[in-house]
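Just below is one structure, and these are the notes that go with it.
The values are calculated or read from the model by the stated rules, or taken from the named source; none is laboratory data. This structure is a prediction, so every number in the text was calculated from the model and none was measured. Note: ideal-geometry Cβ built from the backbone for every residue, glycine included; neighbour counts use all protein chains shown.
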Amino acid sequence: MGSRNHPFGLDSDPMPYTLVAHDEHDERHQGAVVYPIYQNTLFTYASSDHPGHGYKYSRMGNPTVMELEKRLAALEHGERAQCFASGMAAISAAILSRVSAGDHVICVSQVYFGTREFMDSFLSRYQVEVTYVDGASIEAIRQAVQSNTRVLYLESPTSYYFQLQDLQACVGLARECGLETIIDNTWASPCHQHPLDIGIDLVVHSLTKYVSGHSDVLGGAVIGSSSWIERLSQVDHQLLGGIMTPHTASLMMRGLRTLPLRMARLGDTAMKIAEYFGTLPCIRKVNFPGLPEHPQHELAKRQMTGWGSLLSIELEQPLEKAKQWIDQLVYFRIGLSFGGYESLVLVVGAAEQSTEEKPVTLIRFNVGLEDPADLIRDLDSCHTFFANGSGNGNGNENSCLREQAQ
């Protein structure tokens with residue numbers, strides 16, 4: 001990425017725990033330990049000839065939001081960040097900032113469903129073609145390159161089957177073919193993966209997930225070099241208007257304070273849950289890159305320094321029976337998102353290998369900050385629930401757990 005402005009004026013980067021926890025004394029704000037919320041929409045000037053501070057209107061820039069952007073850029077090893085109202089606003093702006101009518105995009109086939117919907121329903125309206133490829137195969141990516149290919153869009157790991165892309169190989173191919181690279185780095189977070197250091201051009205995050213950490217605020221960010229973010233800021237951010245509010249930015253900075261601590265805890269718990277699932281005979285496969293059994297485990301260890309909270313299992317049971325099982329879980333609430341303090345579960349649907357004769361259901365789990373022993377005790381109902389092959393377990397163990405939890 002080249003040189004960056006170190007946040008504390010030092011000649012080396014602070015470690016992540018220090019980066020999120022320590023602020024310099026701020027005399028401008030009377031030494032406040034929490035950065036103030038500039039809730040105003042506009043900024044006035046002392047005179048017409050001396051705008052001074054440089055702020056005009058909060059859609060074009062706000063001190064609270066820009067403070068968050070500075071911290072995110074430092075944590076992701078980027079030069080500059082731009083925050084948005086949601087993860088999808090960040091994703092769509094990042095893509096739109098790099099393509100024009102007639103361009104071609106290569107995208108991994110297991111990409112987040114919102115991103116795929118944007119590419120299929122929105123980009124096609126403006127004559128931008130998209131080809132989906134097996135992200136695990138660099139050769140498949142190479143074969144998809146066309147004369148008008150502009151962007152290679154990655155998501156590593158993906159968020160249902162947790163497939164990785166070899167980022168170093170993708171960067172090499174992109175440079176060889178003159179492509180620009182964008183990656184969704186939400187699952188790994190800035191704590192566990194730094195694609196910009198490998199040579200990826202732009203990184204996007206759904207800040208709603210790990211950075212917020214409290215499931216109470218939406219946001220997104222795009223991070224990269226100053227020149228790339230400047231173009232995105234002037235056009236796709238200001239004119240499309242998907243800005244982050246100052247209050248949201250303040251809540252995101254609160255979440256950022258504990259991000260490394262939470263990521264360490266969540267990754268440890270996710271590993272324990274994944275290992276536990278691996279002992280159950282009714283589970284065909286556990287999808288989690290931290291497991292040695294994951295087909296890309298060695299690649300995961302090279303590219304990442306830790307694990308996220310999200311994993312999935314392929315259960316050898318029909319869809320309806322899988323739903324009956326998760327409906328009786330106590331500590332796993334049924335929901336779509338991930339990265340918060342709470343544990344969640346979602347029946348995604350039939351797994352890729354499912355057949356009518358041998359149904360397999362894909363179930364995604366987000367582990368929260370609960371004690372892993374309690375989560376495993378809750379999940380242990382899988383033994384009794386499917387023991388007789390009918391999915392009509394009595395759920396007595398979970399009834400006791402439910403009473404204790406109330």
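With the structure loaded, tell me whether LEU207 is in contact with a Ser or Thr (Cβ under 7 Å, 6 or more places away or on another chain) and either surrounded by fewer than 24 Cβ atoms within 10 Å (Cβ to Cβ) or not acidic (Asp, Glu) (or both) or whether it fails that test. Quick ask: steps written out before the conclusion?
Working: in contact with a Ser or Thr (Cβ under 7 Å, 6 or more places away or on another chain): no; either surrounded by fewer than 24 Cβ atoms within 10 Å (Cβ to Cβ) or not acidic (Asp, Glu) (or both): yes.
In short, no.
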Checklist entry - Could you list, in sequence order, the residues of segment 66-110 that are farther than 30 Å from ASP13 by Cβ and either part of a helix (DSSP H, G or I) or out of contact with any Gly (no Cβ under 8 Å at 6 or more places or on another chain) (or both)? => result MET88, SER92, LEU96, VAL99, SER100, ALA101, GLY102, ASP103, HIS104, VAL105, ILE106, CYS107
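Out of the residues in segment 234-271 that are polar (S, T, N, Q) and over 15 Å from ASN62 (Cα atoms), which is surrounded by the fewest Cβ atoms within 10 Å (Cβ to Cβ)?
Taking the candidates together, the pick is THR258.
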Checklist entry - Say we look at segment 283-323 and pick out the residues that are in a strand (DSSP E or B) and of a type in the set (A, V, I, L, M); which of these is nearest to the chain's Cα centre (by Cα)? => result LEU310
Next on the checklist: Show the residue pairs meeting these rules: Cβ distance below 6 Å; 6+ apart or different chains; first residue within segment 18-32 and under 21 Å from THR258 (Cβ atoms); second residue charged (D, E, K, R) and surrounded by 12 or more Cβ atoms within 10 Å (Cβ to Cβ).
Outcome noted: VAL20/ARG257
Checklist entry - What are the residues in segment 104-146 that are basic (Lys, Arg) and within 17 Å of TYR161 (Cβ to Cβ), if any? => result ARG116
Checklist entry - Of all residues in segment 133-187, which are part of a loop (DSSP other than H, G, I, E, B), under 20 Å from LEU311 (Cβ atoms) and of a type outside the set (A, V, I, L, M, F, W, C)? => result GLY135, SER156, PRO157, THR158, SER159, TYR160, TYR161, GLN163, GLN165, ASN185, THR186
Checklist entry - So LEU42 fits all but one of (1) within 30 Å of HIS77 (Cα to Cα); (2) surrounded by fewer than 12 Cβ atoms within 10 Å (Cβ to Cβ); (3) not acidic (Asp, Glu); what number is the exception? => result (1)
Next on the checklist: Looking at CYS382, CYS282 in this structure, which one is over 30 Å from LEU167 (Cα atoms), among the hydrophobic types (A, V, I, L, M, F, W, C), at pLDDT below 95 and surrounded by fewer than 21 Cβ atoms within 10 Å (Cβ to Cβ)?
Outcome noted: CYS282
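Anything in segment 113-132 that is in a loop (DSSP other than H, G, I, E, B) and buried (at least 20 other Cβ atoms within 10 Å of the Cβ)? List them, or say none. Before you say what the answer is, go through the steps one by one.
Initially, segment 113-132 is screened for residues in a loop (DSSP other than H, G, I, E, B), giving 122, 127-128.
Listed by number, the list holds a single entry, VAL128.
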Next on the checklist: Of the conditions (1) surrounded by 15 or more Cβ atoms within 10 Å (Cβ to Cβ); (2) closer than 25 Å to VAL286 by Cβ; (3) of a type in the set (A, V, I, L, M, F, W, C), ILE106 satisfies every one except a single condition; which number is it?
Outcome noted: (2)
Item to check | Residue in segment 257-266 that is of a type outside the set (D, E, K, R), closer than 20 Å to ARG364 by Cα and either over 17 Å from the mean Cα position of the chain (by Cα) or not in a helix (DSSP H, G or I) (or both) present | outcome: no
Checklist entry - For THR64, are the conditions met, namely being out of contact with any strand residue (DSSP E or B) (no Cβ under 8 Å at 6 or more places or on another chain), buried (at least 20 other Cβ atoms within 10 Å of the Cβ) and in the same structural domain as ILE198 (by TED's automatic domain parsing)? => result yes
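Among GLU352, GLU357, GLU370, GLU342, which is the only one that is free of Cβ contacts under 8 Å to residues at least 24 places away in the same chain and not small (Gly, Ala, Ser)? Explain how you work it out, then say what you get.
Details: GLU352 fails: free of Cβ contacts under 8 Å to residues at least 24 places away in the same chain; GLU370 fails: free of Cβ contacts under 8 Å to residues at least 24 places away in the same chain; GLU342 fails: free of Cβ contacts under 8 Å to residues at least 24 places away in the same chain.
Exactly one of GLU352, GLU357, GLU370, GLU342 is free of Cβ contacts under 8 Å to residues at least 24 places away in the same chain and not small (Gly, Ala, Ser), namely GLU357.
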Next on the checklist: Conditions first: (1) within 25 Å of TYR210 (Cα to Cα); (2) crowded, with 17+ Cβ neighbours inside 10 Å; (3) of a type in the set (Gly, Ala, Ser). GLY335 passes all but one, so which condition is the exception?
Outcome noted: (2)
Checklist entry - Among the residues of segment 340-365 satisfying the criterion of being more than 20 Å from GLN324 (Cβ to Cβ) and modelled with pLDDT of 95 or more, which is nearest to the chain's Cα centre (by Cα)? => result GLY340
Item to check | segment 80-106 residues that are not assigned by TED's automatic domain parsing to the domain that holds ASP184, paired with ones that are assigned to a strand (DSSP E or B) (beta carbon under 9 Å, 6 or more apart) | outcome: none
Checklist entry - Among (1) small (Gly, Ala, Ser); (2) touching a Ser or Thr at 6+ places or on another chain (Cβ under 6 Å); (3) surrounded by fewer than 18 Cβ atoms within 10 Å (Cβ to Cβ), which single condition is SER100 missing? => result (2)
Next on the checklist: Could you check segment 145-167 and list, in sequence order, the residues that are free of Cβ contacts under 8 Å to residues at least 60 places away in the same chain and either touching a Leu at 6+ places or on another chain (Cβ under 9 Å) or within 26 Å of MET271 (Cα to Cα) (or both)?
Outcome noted: VAL145, THR149, ARG150, VAL151, LEU152, LEU154, GLU155, THR158, GLN165
